[in-house]
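Here, each number is a calculation from the coordinates, and none is a lab measurement. No experiment lies behind these values; they were computed from the predicted model shown. Here the Cβ positions follow ideal geometry from the backbone for every residue, glycine too, while neighbour counts run over all protein chains shown.
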Amino acid sequence: MRTPSVVVGTDGTACGTAAVEWAAREAGRRQASLRIAHAFDWDWNESRFTVGTDYVDVAQAVAEATVSAARARARAVAPGIEIATSTLIGRAAPRLLEIARGAVMLVVGNRGRGGFAGLLLGSVGQRMASEAPCPVVIVRGRAGPDGPVVAGVDDSPAAEHVLGVAFEAAAARGAALTVVRSYLPVIPLWLANVRPADVDTPSEDAAERAALDELLAPWAAKFPRVGVEVVVTHESAAAALVAASATGQLVVVGSHGRGPLSGALLGSAGQQLLHHAECPVLIARER
């Protein structure tokens, strides 16, 4: 039987190394193998004046050195896992999307070598988050083992899958789980100039919490050792999840949703989370 594989893309930067370390630990938790990939692009127009294949040979040597260093780092973090490395010719995003087929997870850092220094999420991470055929983790901020796992839950059918992934992640880490539900209360017209977050709606909050408790009940029974905290808030989903990420070790969200999490990866809420979360973000896309 083929061993399930966690795929991680790296370019040798600090962000890439953090992604390798996170992926190695995750592979160890899942008893999966780790595949470290580095893609390098070379242009014949740039090398047409060189002798033979000197240009691509140098690029290949740099790529091999990058994955070799990443392999050593992964081995130090997770000594018992099986590790394979790949150097791929071509642009990073399409090549990573190719090898992610069949992977249990794809892991990348939030920024790479290209782009502008001020960018909080690089183009490769952006494409992986939007297009990968498997669950994706964007490693950013603190990547340590402290704090709870955080799950962003809306009222879409994807909520069950997000909760399943989040409970499994919390159980594997021996961590607590914080479940965040953001919703906008019905505001009377005479309070039109008041922020939803400042409106006190105890009956609506109680109804939202009761519905969430009902959704959580079977998962809590399945994972009795995972402590659960429920947060019902009128803040935007993005603001609530970014705030929770300040003390969390992983934020889990769905790839699509309704209500406050609608278009989580394509709309403003998901974009803000991917740009501003203070810990890794797991996009719980079904394979």
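Extension gain, SER203-ASP57: 0.36 nm per intervening residue step, less the Cα-Cα distance, totals 45.8 nm.
Computed from the C-beta positions of ALA210 and GLU98 and an R0 of 41 Å, the FRET efficiency is 0.35 to the nearest 0.05. Ordering THR178, THR85 by the number of other Cβ atoms within 10 Å of each residue's own Cβ, fewest first, gives THR85, THR178. Report note on the peptides 203-209, 5-11: ranked by the mean count of other C-beta atoms within 10 Å, highest first, their order is 5-11, 203-209. Listed peptides 161-167, 230-236 appear in the order 161-167, 230-236 once ranked by packing, highest mean of other Cβ atoms within 10 Å at the front.
Modelled label-to-label distance, ARG225 and ALA246, 7 Å Cα→beta-carbon offset: nm? Placing both labels 7 Å along Cα→Cβ, they lie 3.2 nm apart. Full extension of the segment from GLU131 to ASP146, taken as 0.36 nm per residue of separation minus the current Cα-Cα distance, would add 2.4 nm. Counting 0.36 nm for each residue step from GLU286 to SER123 and taking away their Cα separation leaves a gain of 56.4 nm.
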